[in-house]
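First up is the structure itself, then whatever we jot down about it.
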Amino acid sequence: MPLPDEEQSSELLRAQSHVWNHMFNFINSMSLKCAIQLGIPDIILKHGKPMTLLELVDTLPINKAKAHGVYRLMRILIHSGFFIEEKISENEEKKGYWQTPASRLLVKDEPFSLAPYLLVVLDPILTEPWHYVAEWFKDDQPTPFSTLHGRSFWGYASHDPKLNHLFNNAMANDSRLITSVVIRDCKHVFEGLNSMVDVAGGTGTMTKAVAEMFPKLKCTVLDLPHVVAGLKGTKNLCYVGGDMFESIPQADAILLKWILHDWSDEECIKILKKCREAIPSKEEGGKLIIIDMIIVNIQKEEEKITESQLFFDMMMMVVAGGIERDEREWTELLKASGFAHYKIINKLGSRSLFEVYPS
């Protein structure tokens, strides 16, 4: 085999690093999971100022003989942008670990915490199916999840209290962040409505906030009976156990927050047709309020958003059998379900809020 020249060698070594970075990318996720399980974001926040390695080791519930590993763990988390090193005070050179906006989203008591989401996504129940993707391409199962577990994610969660609890907590925390932005920037979307149904709304985090802001708006959260069991409503909020594929309560508007990406086109058309049956015409105020991803090829400075969308698309394929759609795919899906047009109201990071009107 002829030896590569200097330029070829440089290109091959860069390619090798590129492959390594993707091959070992799971280490970022698992290091982050370890930090959450040890409570590191909470410990540093509670400390109130940058925390030295010795202070952190002393506080952590670990075997102190393994303290050398904490330095290495924190080093990769700093490289990943979850912590920084800052001076303890203006008068001394000694540095300690401090938080970034990303690690603030991992504090367990933070209302917008992503810690529950991370723990459910990185639970072995959801990570093991990734080892079966190649096998899934050859079998007749709907998802790699079902290739491994023999049932759908939703069927599994309905019989696994731990997974159901983790998933509901994750969705509730995610709803708080989205809700805070929607209530602030998009409240006009809910003005003039007399009634609204939050389809597959889980524990109703978003709808509770809408109901509080609009006390005359009659709000209903529809979800599977095991999801809404024991949940108590308010004067203008009620919970209904049911199946969105079978029937949706009548209302002026239907809210679908991050629901349709869980399902195939055929299943989405069934859901959307049930929504169409439940709302009046556009002239009478009927509409859908959808919060979901619209995959776009965006500018270099926002490439991380596209990367997040593509990651979610693969997760939907592997776990739930759903899909993240681009604008053309959304248009075709809505048209096939009896909806004439839509308008994008606001960008919500990787997701968008858009209003959809019946034909």
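Values computed for the structure shown
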{"item": "Sequence-distant residues sharing a close amide H with residue 348 (under 5 Å, placed H)", "result": "353"}
{"item": "Contact order normalised by residue count of region 158-241, Cα under 8 Å, 6+ apart, percent", "result": "25 percent"}
{"item": "Candidate aspartates and glutamates for bridging to residue 33, where Cα separation is under 15 Å - those fewer than 8 sequence places away on the same chain excluded", "result": "42, 123"}
{"item": "For residue 195, residues with placed amide H under 5 Å, excluding near neighbours", "result": "218, 252, 253"}
{"item": "Percent RCO, i.e. relative contact order, over region 86-151, from Cα pairs under 8 Å lying at least 6 residues apart", "result": "15 percent"}
{"item": "Over the chain, volume per residue of the alpha carbon convex hull, in Å³", "result": "209 Å³"}
{"item": "Under Karplus coefficients 6.51, -1.76 and 1.60, residue-wise ³J(HN,Hα) of region 246-251 in Hz, glycine/proline x", "result": "9, 6, 10, x, 5, 6"}
{"item": "Principal-axis tilt of helix 26-38 within the chain, Cα atoms, nearest 10 degrees", "result": "90 degrees"}
{"item": "Which of 84, 259 has the fewest Cβ neighbours within 10 Å, and the rest in rising order", "result": "84, 259"}
{"item": "Sequence ranges 44-54, 6-16, ranked by mean other-Cβ count within 10 angstrom, highest first", "result": "44-54, 6-16"}
{"item": "Whole-angstrom Cα spans of region 43-87 along principal axes, big to small", "result": "26, 22, 15"}
{"item": "Candidate lysines for bridging to residue 347, where Cα separation is under 24 Å - those fewer than 8 sequence places away on the same chain excluded", "result": "187, 208, 257, 282, 287, 300, 304, 335"}
{"item": "Region 1-75 - convex hull of the alpha-carbon atoms, volume per residue in Å³", "result": "146 Å³"}
{"item": "Interchain or long-range residues, amide H under 5 Å from residue 326's placed H", "result": "295"}
{"item": "Ranked list, fewest to most other Cβ atoms within 10 Å of each Cβ, for 153, 245, 112, 24", "result": "24, 245, 112, 153"}
{"item": "Cα-derived Rg to Rh of region 138-239, Kirkwood definition", "result": "1.08"}
{"item": "Fewest-first sequence of 356, 120, 296 by Cβ atoms within 10 Å of each Cβ", "result": "296, 120, 356"}
{"item": "Region 109-129 versus region 267-343: alpha-carbon centroid distance in Å", "result": "24 Å"}
{"item": "For region 104-120, 3J(HN,Hα) per residue [Karplus equation, 6.51 cos²θ - 1.76 cosθ + 1.60, θ = phi - 60°, Hz, x = Gly/Pro]", "result": "5, 7, 10, 6, 5, 8, 5, x, 9, 4, 9, 4, x, 5, 4, 5, 6"}
{"item": "Cβ crowding within 10 Å averaged over residues, with 173-182, 87-96 ranked highest first", "result": "173-182, 87-96"}
{"item": "Antiparallel bridges, percent of DSSP beta bridges restricted to the chain (to nearest 5)", "result": "50 percent"}
{"item": "Residue-wise HN-Hα coupling along region 159-172, computed from phi with Karplus coefficients 6.51, -1.76, 1.60 (Hz; x: Gly, Pro)", "result": "10, 10, x, 5, 5, 4, 5, 4, 5, 5, 5, 4, 5, 5"}
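Values quoted throughout were computed directly from the atomic coordinates according to the rules given, and no laboratory measurement underlies them. Model, not experiment: these values are computed from the prediction. Ideal geometry is used to build each Cβ from the backbone, glycine not excepted, and the neighbour counts take in all protein chains shown.
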